[in-house]
Structures are given as structure tokens and as C-alpha cells.
1. Which value, to two decimals, describes the C-alpha radius of gyration of the chain once divided by 2.2 N^0.38 Å?
2. Count the DSSP beta bridges whose two residues both fall in the chain, then state the antiparallel fraction as a percent rounded to the nearest 5.
3. Express the accessible area of the chain per residue in Å², computed with a 1.4 Å probe while the remaining protein chains stay in the model.
4. By how many nm would the segment from residue 156 to residue 65 grow when fully extended, if each residue of separation counts as 0.36 nm and the alpha-carbon distance is taken off?
5. From Cα coordinates alone, what are the radius of gyration and Dmax values for the range 253-302 in angstrom?
6. At 0.36 nm per residue, minus the direct Cα-Cα distance, what do residue 209 and residue 499 gain on full extension? Give it in nm, one decimal, please.
7. Å³ per residue of the Cα convex hull, for the range 146-195?
8. Of 59, 228, 81, whose Cα points farthest to the positive end of the dipole of the chain (charges on the beta-carbon: +1 Lys, Arg; -1 Asp, Glu; origin at the Cα centre)?
Amino acid sequence: MSETSHDKILIVDFGSQVTQLIARRVREEGVYSEIVPFQNAAAAFAAMKPQAVILSGGPASVLDKDAPLAPQAIYDAGVPVLGICYGEQAMAQQLGGKVEGGHHREFGRAEVEITEDTKLFDGVWKKGEKYPVWMSHGDRVTKLPPGFRAVATSPNAPIAVIADEARKFYAAQFHLEVVHTPHGAALLRNFVRNIVGCRGDWTMRAFRDESIDKIRKQVGKGRVICGLSGGVDSAVAAVLIHEAIGEQLTCVFVDHGLLRLGEAEQVVTLFRDSYNIPLVHVEAEELFLRELAGVTDPEQKRKTIGKLFIDVFDAEAKKIGGAEFLAQGTLYPDVIESVSFTGGPSVTIKSHHNVGGLPVRMHMKLVEPLRELFKDEVRALGRELGLPEKFVGRHPFPGPGLAIRCPGEITREKLDILRLADNIYIEEIRRAGLYDDIWQAFAVLLPVRTVGVMGDGRTYDFVLGLRAVTSTDGMTADFYPFDMGFIGRVATRIINEVKGVNRVVYDVTSKPPGTIEWE
């Protein structure tokens, strides 16, 4: 990708859980970006020759011994540089300023006051005004590096934004990339388009064409097995790979009994009838339910399911013969939320994805063409590839399927209850015209039973939880504000039509930046 003619921005990752949101904002401006860990930044900068560099946030302190820093070559190259959060502190420390610890830590919403004009603020923020931002820091800059001005301040970060217009160096103590900084995307747009001067010519069409070329170079004449889960990600990955290598691809769909109502039939129909892609349909419900019997720990469920998937793929690869590659629909949120596999700081929550590599015994290499994309970008790619809108626009569905939406022990009876209730919930959302307004909606069969009365009889049945959230990237989310009339209709249908449920509750928690799973 770095050999193309597109303008490019290099993002140096210091370990923030939301670093990929920076890449997302840059791509929204039609500019290609790559993320590299700080340890590899010098080599990546030399090879990529980017038009600009952005330094991410991170959990470290620049005051620590061996603190991660940007290569000096970046500052000496004459390209614009933007530091965010830890990136501001690293820039200040390296260029002759001073950073101090021991001050009031600040995590969450804050307010900055604009004290000076700068190109970074053009058309967005005005001198003398105050604006909301999202902070996440313990240390703070207390002395400006030579050539810099302080252009914004906050109560706990007196030097909240710094600017060196001559060198086009800018840095902010807050996170510009998260939606909780309302004007952050506009500030990033100013940097990318107006300060750096990028043309904005990177599109999903370009990604498609370049990915096809990249897949062909990686695979050569080799055979590829693609694991289909029933969701959008693996389907888009399969169609993209098929465009690249045609009959060298065989898809393996594992029907593990943890899918939504009618999902297996939909997947088989789509790939066999609409795309004529070679498909092996493995009916493995008995195997998965047998291995999951008695397992109640959610992390153990994920690991069990992941292992079984690999076992099935390995067996199918041997049957097909000669498969050298295994393709997956891994997205970047999967990667960063599994970064502890490779020694990073974030919490492991995507352990059903094999983002840390495959078992050595498989002797297969991974093909993950969507690894750098967000869900909405995958949907855009799916449309570019011609997948039907009803399939492309489906809500995300986790790899472990209904297993993690059924806390406690998994049984066929509980899965059947959950499947039917979830289907009713989605039906009502579609009927109300709300499906496309919601990022993800699903039901959870809680491991709780309550006493109730239905008609003339007493019941002792399960409590069902409903979840619906809005999001643009899957990294932050907020609950969808249904009116109570809608919730009442859904609850009534479920209680009347689903034997085994006598209570329905709606979850109104949110997922702010830096937190973990909200499944």
C-alpha cells in the first residue's frame, strides 16, 4: 500500500486503545494512513515517506526510564507532525520542553479555553471561547519547547494545545479522535487537509483494487480456506479474496448451533447461489454443544469455541488438500482488543479471534484483508463488491455467537429460547423502521429465573435482557433511547410467544472510550 501514489500519513502508536480511531478520522478525509508501533516507527517512516506523522496517546509516562519516544528523524524530516495526548508530552520532552508528573490526574470530560489563534483551529474554534474535550492523562507539559506557543489551556492542563507554525508541529493534551471531543474530527481535518495539504484521493474503490493486488502477491498460486461465521466481516473477506484468486478459494461454513434464527440457510444460499463460491457446509452443532456442556466462564467459552473452529478448519484443510492459507474476517477492533496476545497493554476481550497467530501444527498462514478496517468501512467495501444491502447492513454478530449471550451453562433449550426471542426483537425493530439507526441490537438470556403469573397459572422462567446501542466505529457506544411503548410491545410479544421467559428488561449502559466489551 505504501508504494501507491496516494498521500499517506503515518501514525506512531504508543499503545492507546483508541489509536485506530485516528486512522479512521484520517480515512474519513480520503487519506490513506498506516499505524505502526513506536518500536518500528523509524523503519516505517523511512520506507513509507509519508506526507505527515501523527503521534498517538498511550499509557506510559515520558518520565519513565526507557519511555517510548518518536524517532528523531521524524522531527528532522520537515514534515508536519501532530501529537495527541501522550504524543504531546513526547513531542514536548524531545524538543526541549518539560513534562511533569504528580499533578491532578484527568480522565473524562473536560473543557479547554482557546487563548491564541492557530491554523489548527481555523473555522472550528475561536479565541476566547471554551469547548468540551476528552482528557486522559496524569502527566502534563509545564514548559514549552523552543519555537512553540501555547494556544489553549484547561484547569488541569495549562498547556493544553501547542503550536509551532513554522515547522507545522502541533500537539493537544486531549484526544481529538474520539466522538467525546465534539470538534476533534474537524481539527484533524484541518491538520490533514489544510496544514498537510493532502488531496483526499484514497477511496474504498482504491482499497478494493489494492487489496486484490496484495492478496494475489501474498497467495500466489496457493489454496486458501476462508472461515465463514455468518457475519458481514467474513462474508466481505470471502468475496474480496474470491475476486483476487477465484477457484483457489474454498469457504468453510461451520454451523455450530450458536447462530441466529435462519442464519445458516441465509449464508449457504448467498454463497452457493448468488456468488457460486465453493462452500463446505460443516454441521457441527453436536460437537460444539458437547464440548461446551457445563462450561459457564465466558472466557472459557470463547477459548473453547476458538479451539473448535481451528480444529474444524484443520480437518477440512486436510480433506481439501493442499490449503496453505486460512482467511479470516478479522477487523482492527478485534486486533487492538486482543493486543495482549502480543504483549500490549489492553485487556483481552476478543480471544475467539486468532489474531495472535495460528497453532504451529496447522502449517498455514493467515490472510486477513480487512485487518485495518472498521465495521462501517467493511460495509462500504461490501457495497463496492456488490453484496446485497440486507446482508451488508446487518448488525455485528460476535464470533462466539449466542454462546456469550447465554450467560451460564449452555443448553439446546436455552439457545432455542434465546434464538426465538432475539428474532422477535429484531423483527419489531425492523417493523418500527429503526434497524439502520441502531449499530447493534440483541437479546441475552440471563441466568436468572423469576416467579410470575400468566393467566391462571404460576410460572418460574427466565429473565431476558435486551440491548441496543448506537455507534459509528464499535469503539464507543451509547444505548438507543427506545420509547417505553416500543419496549412494551416487544416484551409482550416475547412473553406471549416464547415459552420459558416471563420477564424482559432493557439495558441502558454505555461504552465510553477506553472501556472494554459491551456484548
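1. Output field value: 1.05.
2. 50 percent
3. 41 Å²
4. Result: 30.3 nm gained on full extension.
5. My reading of the Cα-based Rg and Dmax gives 13.5, 39 Å.
6. Working it through step by step, the gained length comes to 99.4 nm.
7. Values: hull volume 3.7 nm³, N = 50.
Hull volume normalised by residue count: 75 Å³.
8. Sorting the options by dipole projection puts first 81.
The values are calculated or read from the model by the stated rules, or taken from the named source; none is laboratory data. Since the structure is predicted, the reported quantities are computational estimates derived from the model, not experimental observations. Don't worry about glycine lacking a Cβ; one is built from the backbone with ideal geometry, like all the others, and counts go over all protein chains shown. Only protein heavy atoms, including side chains, enter the accessible area calculation; ligands, DNA and RNA are left aside. Shrake-Rupley method; radii C 1.70, N 1.55, O 1.52, S 1.80 Å.
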